[in-house]
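Here is the structure we will look at, set down as C-alpha cells.
The values are calculated or read from the model by the stated rules, or taken from the named source; none is laboratory data. None of the values given here were measured: they were computed from a predicted structure. Backbone-built Cβ (ideal geometry, glycine too); neighbour counts: all protein chains shown. Remember, those area values only see protein heavy atoms, side chains included, never the ligands or the DNA or RNA. Shrake-Rupley method; radii C 1.70, N 1.55, O 1.52, S 1.80 Å.
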Amino acid sequence: MGDAGVGRPSVESRPAALKRLLTQPDLAFLMEAHNGLSAKIVEEAGFEGVWASGLSISASLGVRDNNEASWTQTLEVLEFMADATRLPILVDGDTGYGNFNNVRRLVRKLEQRGIAGVCIEDKLFPKMNSFLGEGQELADMTEFCGRLRAGADSKTDPDFCIVARTEALISGQGMDEALRRAEAYHAAGADAVLIHSKQKTAAEILAFLERWDGRCPVVIVPTTYHATPTEIFRQAGVSTVIWANHIMRAAVTAMRETAERIQRDQSLHAIEGAVAPVSEIFRITGNDEYEEASRIYLPPERLVRGIVLAASRGGEQLGEITQDKPKAMVDVRGRPLLRRLVDTMISCGARDMTVVRGWKKEAIAFADVRYVDNDAWATTGEVASLAQAAKKLDGECVVAYGDVLFRRWILDGLLEVPGDVAIAVDALWERGRKRSGPRDLVRASRAFQGFDLDDQPATMTAIGSDIDGPTGEWIGLMKLSARGSELVGGELKALAAEGLLATADLPLLLTRLQRHTPVAVHYVTANWLDVDDVLDLADARNFPFAG
Ligand code: SPV
Ligand code: MG
C-alpha cells in the first residue's frame with residue numbers, strides 16, 4: 001500500500017477515502033471482512049479498504065446468502081466492523097433489500113454507522129448468490145435506476161459512494177446489455193460500476209473494459225478468474241479489485257482443521273502452537289488501551305498489604321497441640337486458624353499477604369502467601385518479627401497477630417478509619433469468660449459511646465497490660481496508612497539503634513508511634529478472639545465465620 005497516504009488530507013473521512021480509492025489512477029484493492037475481528041485483521045495486513053461481503057457475513061452467521069439474515073441484522077455486524085477498523089468499508093448491499101424506498105433508508109442507516117459506500121446489484125429481493133443457478137432474473141433497468149437515484153438523493157455526505165453492480169453477464173444477457181445497463185446506472189448517479197462475471201477467465205471482463213473506455217470507475221470481483229495476473233487488470237484500467245470472500249474461506253479451513261484435530265486427539269497439545277495465542281487476541285481487541293483508560297478513569301486501586309505475625313511458639317497452655325506446629329496452625333473446624341485469618345484479611349481487600357514465621361516454620365506453607373522468618377523467635381518479640389517484614393511496610397498495611405480471629409466487618413470498619421495509625425479496640429473487654437493470656441488494654445480519649453454516636457474515632461492515650469482506666473482491649477489488629485507504614489519503619493530503625501528491638505512488643509511500638517501521630521481507636525464490640533488456651537480454642541471452633 002506503499003506511499004498511498006502521501007498528499008492526503010490529514011483527516012480524511014471514510015467516504016472520501018473510498019472515493020479516492022475508486023477514482024485514483026492506481027489499481028486499488030478491497031479485502032473481504034465479515035465481522036469486527038476480520039476487519040481489524042484486514043487493516044493490519046495493510047489493505048486500504050474493506051469489502052463487507054454479503055456471502056461472508058451470511059456464512060459467518062451460519063445462513064445462506066439469500067437475504068436470510070435481515071438487513072438490520074447485517075447492519076449490526078457492519079457497526080461492529082466500522083468500530084473495529086478505521087478503514088473505509090464498501091458494503092455489499094445486495095439488491096438494496098427492496099425498491100427505491102428501502103435503498104433510501106439503507107443509505108441513511110449506513111451513513112449513520114460510519115460506512116463509506118454501498119454496492120447494490122440489479123436483481124430482485126430476495127436475491128441468491130450470483131454463483132448459484134443459471135440465468136437469474138434481473139431487475140428492470142429503469143426500476144433499478146430509480147433505486148440508484150433514490151440512494152444518491154438520500155446521501156447526506158456527497159462522498160458516500162454508491163456502486164452499481166450489473167449481473168447482466170452472469171445472467172446471460174450479453175455484453176451489449178451489460179454496457180447498456182452500466183451506462184444507465186452511471187447516468188443515474190452511481191460513482192462506480194461493478195461488472196461481475198463467473199467465468200474462469202477474465203475474457204469478458206477485459207472485453208467490457210475495452211468498450212467501456214473509462215467512462216467511470218470499474219470494480220471487479222475475480223473470484224472465478226483468480227488465475228488472471230493482477231497486472232492485466234491494472235493495464236486494462238480496472239479501478240478496484242475486490243478479493244471477495246477469502247478471509248471467510250480461510251477461517252473455515254482453519255476452524256475445521258483445528259476442531260477435527262482437537263476432537264481426534266482429545267487434547268490441545270498438538271494444536272497449541274498452530275493457533276493464535278490468547279495474548280494476540282487481547283492485543284487485537286485493544287486490551288492495552290483499556291488498561292491505559294482505566295488508569296485515567298477508574299479510581300486508583302487501593303492496595304492494602306497484609307502482615308501477620310506468627311513467629312512465636314505461643315500456646316504453651318495448648319500443650320501437645322502445638323508440639324509440632326505453631327499456634328497459628330491449630331485446626332479450627334477443618335482449616336488452620338492462620339488460613340482463616342488470612343482469608344478474612346483477603347476478603348476485606350488485603351493483598352500481598354506476608355506471614356512472619358518462626359517456631360516450626362515448615363508447618364506454614366500456603367501457596368498464596370509470602371513468608372519471612374524470624375529465626376530468633378525464641379528470644380525475641382513481636383516487633384523483631386515485624387522488623388523481618390520491614391520491606392513490606394510500603395503503602396497501606398494491615399498488621400495482625402497470628403492467633404486472632406475476627407468477623408470481617410471489624411477489619412472493613414478499621415480500613416475506613418482516617419489517620420495514619422488505627423487500632424481495633426474491643427469496648428466489651430470485661431464481658432465474658434476471664435481469659436488466661438496477657439491482654440493489651442487500651443485507654444482512649446473517650447470511652448465507647450455506641451456506634452451511632454461514634455462518628456469520630458477516639459485517640460489512644462495509653463496501651464499495656466497494666467494501665468489505669470482502660471476503655472477497651474486491643475484485638476491485635478492495626479491499620480497503617482502509607483505514612484503510618486513509614487513511621488513504623490522509622491520506629492523499627494530507632495528501636496534497633498537503641499538496642500530495644502529484640503524485647504519490644506507491639507504496645508511499646510504503638511506508644512512510641514503516638515509521639516509522631518495520633519493512634520486512632522476504632523471501637524468494636526466482641527466478635528473476635530485470640531487463642532491462648534484450650535478454652536480459647538474451643539471458642540475458636542465455635543466462631544461464626546461467615547460475614
Ligand atoms: C459477496 O461477496 O457477497 C458478493 C460477491 O456479492 S459474490 O459472492 O461473487 O457474488
Ligand atoms: Mg454478495
Using a/c under 1.5 as the rounded threshold, could you call the stretch 254-297 rounded, prolate or oblate? The axes a ≥ b ≥ c are square roots of the C-alpha gyration tensor eigenvalues, and prolate needs a/b larger than b/c, oblate otherwise.
prolate
Quick one: work out Rg over Rh on the C-alpha atoms of the stretch 21-89, Rh as Kirkwood radius.
1.01
Just to be sure I understand the model, the point goes 7 Å from the Cα along the line to the Cβ. What's the resulting Ala390 to Gln112 distance in nm?
6.7 nm
Using only the Cα atoms, what convex hull volume per residue in Å³ does the stretch 304-540 have?
117 Å³
R0 = 41 Å: FRET efficiency of Ile296 with Ala363, Cβ-based, nearest 0.05?
0.35
Semi-axes of the equivalent ellipsoid for the chain, please: Cα gyration tensor eigenvalues, times 5, square-rooted, ordered largest first, whole Å.
79, 24, 21
Once both labels are modelled 7 Å past Cα along the beta-carbon direction, what's the Ile271-Glu486 spacing in nm?
5.5 nm
Suppose R0 equals 25 Å. What FRET efficiency, 1/(1 + (r/R0)^6) with r the Cβ-Cβ distance, do Asp213 and Asp140 give to the nearest 0.05?
0.45
Each label sits 7 Å from Cα toward the beta-carbon; between Ala526 and Ala497 the label points are separated, in nm, by 4.7 nm
Rounded to the nearest 5, what % of DSSP beta bridges with both residues in the stretch 304-540 are antiparallel?
50 percent
Bin all alpha-carbon pair distances of the stretch 277-379 at 5 Å intervals from 0 and give each bin's fraction as a whole percent.
2, 11, 16, 16, 12, 10, 8, 7, 7, 5, 3, 1, 0
Which percentage, to the nearest 5, of the DSSP beta bridges contained in the chain is antiparallel?
30 percent
Given Lys360/Lys479; Lys325/Lys479; Lys391/Lys434, which pairs have Cα atoms separated by over 31 Å?
Lys391/Lys434
Would you work out the relative contact order for the chain, in percent, from Cα pairs under 8 angstrom that are 6 or more residues apart?
11 percent
Once you keep just the Cα pairs under 8 angstrom separated by 6 or more residues, what percentage relative contact order results for the stretch 195-349?
12 percent
Which order do the peptides 263-269, 71-77 come out in when sorted by mean C-beta neighbours inside 10 angstrom, highest first?
71-77, 263-269
Please state, rounded to one decimal and in Å, the Kirkwood hydrodynamic radius that the stretch 14-247 gives when every pair of distinct Cα atoms enters the mean of 1/r.
17.2 Å
List the lysines whose Cα sits under 17 Å from the Cα of Lys198, skipping any in the same chain fewer than 8 residues away.
Lys123, Lys127
Restricting the calculation to Cα positions, tell me the Rg (one decimal) and the Dmax (whole number) of the stretch 340-462 in Å.
16.2, 47
For the stretch 241-375, with all protein chains present and a 1.4 Å probe, just round the carbon and sulfur fraction of the accessible area to a whole percent.
54 percent
Gain in length, Asn101 to Phe451, computed as 0.36 nm per residue apart minus the alpha-carbon separation, to one decimal in nm?
119.0 nm
